[in-house]
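Notes follow the structure.
FYI, it's all coordinate maths here, none of it is from the lab. Quick caveat: nothing in here was measured; it's all calculated off a predicted structure. Heads up, the Cβs are rebuilt from the backbone with ideal geometry, glycines too, and the neighbour counts pull from every protein chain shown.
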Amino acid sequence: MIRKAGALALVVSLFLGLWVTCPVQAWGGLRVLDSSVQAEFPSSLSFNLSAESDADITDIRLHYIVDRVSFATITSEVYIEFMPGTEVDVAWAWDMRKTGGLPPGSGVDYWWTVEDASGDRVETARTTVQFDDKRYSWRSLTEGEVTIYWYKGGLSFAHELMATAQEALSRLNEDTGAYLEEPAELYIYADAQDLRGAMIYPQEWTGGVAFTQYGTIAIGIAPGNLEWGKRAVSHELAHLVIHQMTSNPYSGLPTWLDEGLAMSAEGPLELEFTYFLNEAIAEDSLISVRSLASPFSAYAGQSYLSYAQSYSLVEFLVDNYGQDKMLQLLNTFRQGSDYDGALEKVYGFDMDGLDALWRDYVTGHSGQLTVVTTVMPLRNITKTLVAVVVVLAVVFLLAVGLLIERWAWRRGR
Ligand SMILES: [Zn+2]
């Protein structure tokens, strides 16, 4: 420990944690002898303070600020309980299992205030502790506003993910004019199990998560799962951009818009989603745009359809009304508009109007199977139908097989 006034902050990795000490400060007879913090990612930050004075020390408070995107800086203040005395050692642990965790790489600024019975008061210098996941040896690759951190796989693995991330940003920019306004940090864990080890009470299905307020994404990508990983990177990165573009203290985005833009950033809609969409069109069981404004159903089939419809709704708006209008829509949401009001203002129709126009658009685009059977001579219909049923059955089995994994990540948004 450093007990000399004016010493520089010392940073030492200790086991899995991090030990930071602060400059010692004194005022009158009151002296802070030592201040330190130990990080145990992902579960706790433990703050320690030693102080002495000629009079009894009576009041000690810890102040901290978490570095994240917010509309007002929130300073938390912790009143430390201790026995007053002329020499005190106090500790306070931020137990993330009780409050929810922070993403890897978060910064927490903190300082102490100490008072004694004679009225002397000391405030320690503001210090930043990095809440890093020290269990792995991270490498990093930066391009533009995107940094990828990874520890398993070679440089080519990171380059491939970076190329995917940049493509997703370009695609999103073409569709919407949106771009990353703040840096994005992507933590690529070696698999879903490692990722879950970095989270507080993770769900079994968690495959990736976007901490939009922190500009951080964490995804578990196993070597044999790169294609899925690339889609997950694109999807979660789009959520970050959209969040940066539209966040305001008043209102959020309709879920179909947020998810539709994230799906579009991935590239063309995947087969299993197309299957659910075409089936719902054929059976006239599409979900209303108004329902899709709320969080999606937890049932897998309905969830697939919700994502597929969201993709299709965004495609409809971009194809028919262009990038400018989509950018206007996002800017309108940024000002804190309600869903119907924003659509009315930019497009001249509300969610019900969008629902009607989009249904016309999508039913006009979806008749491939019907067209095949109607133009066939009569004797071929049975054969064709059998072929169609077989194809649909295979698609369905594929969809169900991929379901758990896809679903896992989709829910992890
Ligand atoms: Zn999503």
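Measure of size requested: the Rg and Dmax of the stretch 96-141, with Cα atoms as the atom set and Å as the unit; please supply both.
In order Rg, Dmax, the Cα atoms of the stretch 96-141 give 16.5, 54 Å.
Cut-off is 10 Å between beta-carbons; in what order do Trp138, Trp112, Trp358 appear when sorted fewest neighbours first?
Trp138, Trp358, Trp112
Using only alpha-carbon positions, what ratio does the radius of gyration of the stretch 235-376 give when scaled by 2.2 N^0.38 Å?
1.06
By the gyration tensor of its Cα atoms, with a ≥ b ≥ c the square roots of the eigenvalues, what is the shape of the stretch 220-316: rounded for a/c under 1.5, prolate for a/b over b/c, or oblate?
oblate
Where does the stretch 38-121 land on the Kirkwood hydrodynamic radius, alpha-carbon pairs, in angstrom?
14.2
Tell me which residues come under 5 Å, amide H to amide H, from Gly85 once H is placed; ignore anything under 5 positions away on its chain.
Amide H neighbours of Gly85, under 5 Å, 5+ apart: Ile57.
Rounded to the nearest 0.05, what FRET efficiency is calculated for Glu344 and Asp34 with R0 set to 51 Å and r the Cβ-Cβ distance?
E(calc), rounded to 0.05, equals 0.25.
Just for the stretch 137-228, what percent of DSSP beta bridges are antiparallel, to the closest 5?
That works out to approximately 45 percent antiparallel.
What are the radius of gyration and Dmax of the stretch 117-168, computed over its Cα atoms and given in Å?
19.9, 63
Hey, rough spin-label estimate for Arg126 and Ser70, points 7 angstrom out along Cα→Cβ, what's it come to in nanometres?
1.4
Calculate the all-directions average of the projected area of the stretch 81-219's alpha-carbon convex hull, and give it in nm².
Mean projected area of the Cα convex hull: 12.3 nm².
Which order do Met351, Met263 fall in if you start with the one that has the fewest other Cβ atoms within 10 Å?
Starting with the residue having the fewest Cβ neighbours, the order is Met351, Met263.
Take the Cα of Ile200, step 7 Å along the line toward its Cβ, and report every residue of the stretch 99-117 whose backbone nitrogen sits under 15 Å from that point.
Counting backbone N atoms under 15 Å from the label point, the list is 99-108.
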